[in-house]
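A quick write-up on the structure given underneath.
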Amino acid sequence: IQVFQYPYLLTQLNACGGSPGSTQQQRHIVQLFDNGASFDLCDEDQFNDISAITGVLKSYLRQLPEPLVPYSMHDKYIYIMETPDALSIPAMRLLLEQLPKPHYDTLQRLCTHLKVVHDHSHQTRMSARNLAIVFGPTIMHAREPSVELIETPIYARAVEFLIEHEAALFSNPHT
């Protein structure tokens, strides 16, 4: 995903959960992606709303046919987050290693990106917790919307754990 390639965006990401960004700018970015056009998301004259870029990313991830944490693995992640004795870096790594490779690779890239945003929280005002609240329901969600509302705090805890322990969780390449 192109947004991960731009260090400027990593440090400029601010309040990504607050405003979804300009609808017009979001549509423009989506059209550029859909048309396969070459463009630079760091071009502040063309893309001056970081919330629009973040909104496009979240929308893209949310519209995937299967979330980054697939439905088939949803209950395992819920269990590990609800069972304090079960939650550990080795246990989470084991779950991550069971992800399909495209899911693992995308989740690793996203968590690395979110970790950098968190590490610059003095500029971005986005702590791991804030980022987890925003991206949790994007990374994992239930098939049933009614269940999702109940589980949203669990998704946030899971994503916060992934962000805070990103280096240890993704230190070995997925095979």
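The values are calculated or read from the model by the stated rules, or taken from the named source; none is laboratory data. Predicted model only: the values in this text are computed from it and were never measured. When we count neighbours, we look across all protein chains shown, and the Cβ atoms used for this are built from the backbone with ideal geometry, even at glycine. Accessible surface areas use protein heavy atoms only, side chains included; no ligands, DNA or RNA. Shrake-Rupley method; radii C 1.70, N 1.55, O 1.52, S 1.80 Å.
Principal-axis analysis of the Cα atoms of the chain puts helix 23-35 at an angle of about 80° to the longest axis. Each of Ile89 and Arg129 was given a label point 7 Å from its Cα along the Cα-to-Cβ line. The distance between the two points is 2.2 nm. Count Lys and Arg as plus one, Asp and Glu as minus one, and take only other residues whose Cβ is under 14 Å from that of Ile80; the net charge is then -3. Listed values for segment 37-47 are Karplus-derived 3J(HN,Hα) couplings in whole Hz (6.51 cos²θ - 1.76 cosθ + 1.60, θ = phi - 60°), namely 5, 8, 7, 10, 5, 8, 6, 5, 6, 8, 10, and x replaces Gly and Pro.
For segment 22-124, with all protein chains present and a 1.4 Å probe, just round the carbon and sulfur fraction of the accessible area to a whole percent. Don't skip to the end; give the middle numbers.
Details: 2700 of 5580 Å².
With neighbouring chains kept in place, the figure for segment 22-124 is 48 percent.
Along the chain, the longest continuous region that contains none of the trypsin sites (Lys or Arg not before Pro) in a DSSP loop with at most 15 other C-beta atoms within 10 Å is 1-124. Given +1 at the Cβ of Lys and Arg, -1 at the Cβ of Asp and Glu and no other charges, the dipole of the chain around its Cα centre is 120 debye to the nearest 20. Of Ile150, Ile53, Ile78, which is the most mobile in a GNM of the chain whose springs link Cα atoms less than 10 angstrom apart? Residue with maximal mean-square fluctuation among Ile150, Ile53, Ile78: Ile150.
May I ask you to derive the relative contact order of the chain, considering only C-alpha pairs under 8 Å and at least 6 residues apart, and to give it as an integer percent?
Values: 203 pairs, mean separation 47.2, N = 175.
That works out to 27 percent.
Solvent-accessible surface of segment 69-157, taken per residue with a 1.4 Å probe and all protein chains present: 50 Å². Label positions at Glu144 and Asp119, each projected 7 Å from the Cα along the C-beta direction, are separated by 4.1 nm. Extension gain, Glu97-Thr152: 0.36 nm per intervening residue step, less the Cα-Cα distance, totals 17.5 nm.
Per the Cα gyration tensor, the chain maps to an equivalent ellipsoid with semi-axes of 27, 17, 16 Å, ordered largest to smallest.
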